[in-house]
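One structure below.
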Amino acid sequence: MLFRLTVLTTLMVNNIYLVDGSGQCFCPAKVNSEGSVAGECKNPNGDGSSASYEQFTLVNANRFTGQRRCRELCEDEGDTCQGWAFRDDNITISTDENNCHLYNYTPDRTKRNKRNAEKWLCEQKGTLLDTFSFLGDGLCQGGGSVYTQERAYSGPSDSQNDGKIESVEECKEFCMNNVDIEDEYFFYEPPTPNKPGSACEGFNFITEKCGPSNNLRDRCSTNCFLYGTEPTGNRTRASRRQNYDNYSCYVRDCSCN
């Protein structure tokens, strides 16, 4: 099952570091023509126990924050956790108890006939690939916070700019190699033997950000934004401060069973 498709190297350019390590990603456990199928995770063998091995209570978690936090708990478990499910019904019931379940098997089915089944989202762990899918023109949406950004620069190299970011392909390369800025960002966690660490899962690229290249002071604006959580959509409608006519959004592909 392929949802959003790492060639990882180690490179240093000025203050930019590429981090060696494999990234984790997640896909819906079951999909149909209308999208992901709601329900708790189910044992792919169809028999035996499909119970979770650990449960957490995520207090005051809405659909977005709850899914992100439950996913992070699964990532923290390393290879032990192969899937997670989050119940988004804290608006209709009075308790958030045990609304995040972790599973030590790879689920490929969901429990659709269980009480509150429509409130659950089940996802299985996959592997980030070195390809990207075009989500659409405009600003990436649903990808959490941007964890780094790169300045485009047209002109000779100097102490602040070594080369250019002038194409979608180059921005893809930054994402594929999990670029990290020397300064610490709240999102980034370096890989360890038991945990692959964070990875870039999508990006926005902006064209037409550079002026004439014959003046070193005429630097280009930032035009490559990387996301630590996969974008799920795109926005073309302008905001009060910005239109997104020259934006394009890409998500990194994920390979699941």
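Data for the structure
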{"item": "Some residue of segment 153-162 being modelled with pLDDT under 75, touching a Cys at 6+ places or on another chain (Cβ under 8 Å), surrounded by 22 or more Cβ atoms within 10 Å (Cβ to Cβ) and of a type in the set (Ser, Thr, Tyr)", "result": "yes"}
{"item": "Test result for Thr236, assigned by TED's automatic domain parsing to the domain that holds Asp137, surrounded by fewer than 18 Cβ atoms within 10 Å (Cβ to Cβ) and either modelled with pLDDT under 80 or at negative phi (or both)", "result": "yes"}
{"item": "Any hit, segment 173-193, residues being modelled with pLDDT of 65 or more, part of a loop (DSSP other than H, G, I, E, B) and either basic (Lys, Arg) or surrounded by fewer than 14 Cβ atoms within 10 Å (Cβ to Cβ) (or both)", "result": "no"}
{"item": "Segment 224-238 residues that are over 18 Å from Leu128 (Cα atoms), paired with ones that are assigned to a loop (DSSP other than H, G, I, E, B) (beta carbon under 6 Å, 6 or more apart)", "result": "Cys224/Ile165; Gly233/Gly142; Asn234/Gly138; Arg235/Gly138; Thr236/Gly138; Thr236/Tyr244"}
{"item": "Segment 53-88, residues that are surrounded by 15 or more Cβ atoms within 10 Å (Cβ to Cβ), farther than 18 Å from Glu118 by Cα and among the polar types (S, T, N, Q)", "result": "Gln82"}
{"item": "Selection from segment 120-134 of residues that are at pLDDT 90 or above and more than 13 Å from the chain's Cα centre (by Cα)", "result": "Trp120, Leu121, Cys122, Glu123, Gln124, Thr131, Phe134"}
{"item": "Matching residues, segment 119-141, being farther than 19 Å from Cys171 by Cα and not basic (Lys, Arg)", "result": "Trp120, Leu121, Cys122, Glu123, Gln124, Gly126, Thr127"}
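The values are calculated or read from the model by the stated rules, or taken from the named source; none is laboratory data. Here the structure is a predicted model, which is why all the values come from computation and not from measurement. Glycine gets a Cβ as well: all are built from the backbone with ideal geometry, and neighbour counts include every protein chain shown.
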